[in-house]
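Okay, so here's the structure we're looking at.
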């Protein structure tokens, strides 16, 4: 008789095998599936579970990567996502966390050399999900500025758990706008138009993003890397100081480092 | 395996904060709280007895906030799908810790999980997979239920599954398996009437026999849902997709269940989610049926009647 451990090992192997379990090295007979009335074979019954397994994980990836899906279409997405599911099965029971490294997977896929921007598109998609599922933490607010007084320039900060910087040599916002627009829209994106640097974070329940110009990028990366505030602001023109502080330091994207 | 026989675990009392004037007095019928309904339900405050949340969907700080907002209005039932209690390998302790944190935060009226497994070699298979009804599987479940009840410091309810295959080496009927699980672990049972019907059609299990095999005192909640009928080359199989109204045969089976069991009922709807009012109307339908035969059901329980 097959032990429960062995039965589940074989069942999982059959479930995760896109083929017909040839790679599982065991006889499906060991699963001891009851032929019942004979109306459906054991293989047909198993395929119900196999289909649900693959389709439910595909659906999760479609939800998490809407721009990638829109850029390459449902068929190509299903193909890539299927390969991803094979090689990167979920290790967490929370489906909302599934697919975190899909962008790296796309980076490594030689079939996508003609779409070099796709992995960055995925990074932006994931940053929006990551901002939703990230833990809460008390962000630094405008009222906290006064309390710091003389210590202000020496104060250090870290990114809020929901905050991410995505840097790309491609115009991700234009790609996203076009991909998610009406498919009848005949517009196109000039991939040579230049890249973008984005800060993605959460304000209350809303995920937001902001295109960073060079001074803002320098400030945000310096602050996130642990530089004291005075140092992070060193290269900022006086006329831009108050806008930088309002837009980034006290906008919910940073927490006071402890 | 270290077996224990617990009967001393009790549902934690509902916190006073949940029994306020705005809460409906009758906790009998609830619906699932699903993300697309979050805003509508808090705005419309429909007349329902309680809300069920899928534990795994409320394990982030933002989603817990929604559950806590809903808890101000309704009692919450926490329904887990990811513990893999029937898995031969040890439980995912990180996941159990997350469940404990959620339970501490929302102070639910009920906590439930499934008679199923969903994890192997550390990989989540994202489905409620079928167990053989053997002594070995029963031992594994009892051991894990015991661990969870110890950790959560409350009784949990275990739900009978819907399945698309059964095993030749099962030695217990589904009803015997459920009854023995409750007896040995001290857990309660969540009787999913749609799942019973699906298994009746898919495997020829006898739902009425299952009713008779269960101690009415152990059934603490009832689930109702829609299923999908798939016909292929003249053969039919029922898929438990929670994507349609409760079917007429399931309502009839529910009526029969009410003659033996008295427990709050939940309408589940997960795929092809309708507008909130459709879901609430299903809950009211269950409420009407419960109120109708409920009196005789309650009396039957008191008399210990097993007649169905």
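A short reminder: the numbers here are calculations on the coordinates, not readings from a lab. A quick note: this is a predicted structure, and the numbers were derived from the prediction, not measured. Note: ideal-geometry Cβ built from the backbone for every residue, glycine included; neighbour counts use all protein chains shown.
What is the calculated FRET efficiency for residue B:150 to residue A:180, with r their C-beta to C-beta distance and R₀ = 60 Å, to the nearest 0.05?
Working: r = 48 Å, r/R0 = 0.80.
Between residue B:150 and residue A:180 the formula returns 0.80.
Enter the per residue convex hull volume of region B:33-160, computed from alpha-carbon coordinates, in Å³ rounded to the nearest integer. Before the final figure, lay out the partial values.
Working: hull volume 13.8 nm³, N = 128.
Looking at region B:33-160, the number lands at 108 Å³ per residue.
In whole angstrom, note down how far apart the Cα centers of region B:234-271 and region B:125-162 are.
22 Å
Over the whole of A:91-103, what's the average partner chain Cβ count within 10 Å per residue? Rounded to a whole number, please.
Counting Cβ atoms of other protein chains within 10 Å of each residue's Cβ and averaging gives 5.
Anyone know which of A:168, A:239, A:247 comes out most mobile in the 10 Å Cα GNM of chain A?
A:239
Determine the distance separating the Cα centre of region A:26-80 from the Cα centre of region A:208-258; give it in Å without decimals.
46 Å
Considering only DSSP beta bridges where both residues belong to chain B, give the percentage that are antiparallel (nearest 5).
25 percent
For a paramagnetic label modelled at 7 Å from the Cα of residue A:144 toward its Cβ, which residues of region A:153-175 fall within the zone defined by backbone nitrogen distances under 19 Å?
A:153-165
Given region B:29-139, what percent of its DSSP beta bridges are antiparallel, to the nearest 5?
Given both bridge residues lie in region B:29-139, the antiparallel proportion sits at roughly 25 percent.
Of all DSSP beta bridges in the protein assembly as shown, what percent run antiparallel (nearest 5)?
For the protein assembly as shown, the DSSP antiparallel bridge percentage is about 45.
Mind checking the mean number of beta-carbon atoms from other chains within 10 Å of the Cβ atoms in A:51-61?
2
Can you tell me which of A:137-144, B:215-222 comes out highest on packing, and rank the rest after it, using the mean Cβ neighbours within 10 Å?
B:215-222, A:137-144
Simple spin-label model, 7 Å along Cα-to-Cβ: residue A:187 to residue A:206 in nm?
Taking the two extended label points, one gets 2.1 nm.
Looking at the calculated P(r) for region A:133-258, what percent of the C-alpha pair distances fall above 26 Å?
Percentage above 26 Å: 29.
Given the alpha-carbon gyration tensor of chain A, what are the semi-axes of its equivalent ellipsoid in whole angstrom, ordered largest first, with each equal to the square root of 5 times an eigenvalue? Walk me through the intermediate numbers first.
Working: eigenvalues 436, 107, 39 Å².
After scaling each eigenvalue by five and taking roots: 47, 23, 14 Å.
What do you get for the angle between helix A:4-16 and the principal long axis of chain A? Use alpha-carbon atoms, 0 to 90 degrees, nearest ten.
70 degrees
Per q in 0.10, 0.11, 0.12 1/Å, what log10 I(q)/I(0) does a Debye calculation on the alpha-carbon atoms of the protein assembly as shown return?
-0.94, -1.09, -1.23
Would you please report the Å³ per residue occupied by the convex hull of the alpha carbon atoms in region A:56-110? Working shown, then result.
On the way: hull volume 4.2 nm³, N = 55.
Taking the convex hull of the Cα positions in region A:56-110, it is 77 Å³ per residue.
I'd like the Kirkwood hydrodynamic radius of chain B, using the inverse of the mean 1/r over distinct C-alpha pairs, in Å. List each step's numbers first, then the result.
Details: mean 1/r = 0.0509 Å⁻¹.
The answer is 19.6 Å.
Using the Kirkwood radius over Cα pairs, work out the Stokes-Einstein diffusion coefficient for region A:87-198 at 20 °C and 1.002 mPa s, in µm²/s as a whole number.
It diffuses with D of about 125 µm²/s by this estimate.
Output needed: percent of Cα pairs per 5 Å distance bin for region B:129-279, bins running from 0 to the one holding the longest distance.
That works out to 2, 9, 18, 21, 20, 16, 10, 4, 1, 0, 0, in percent per bin.
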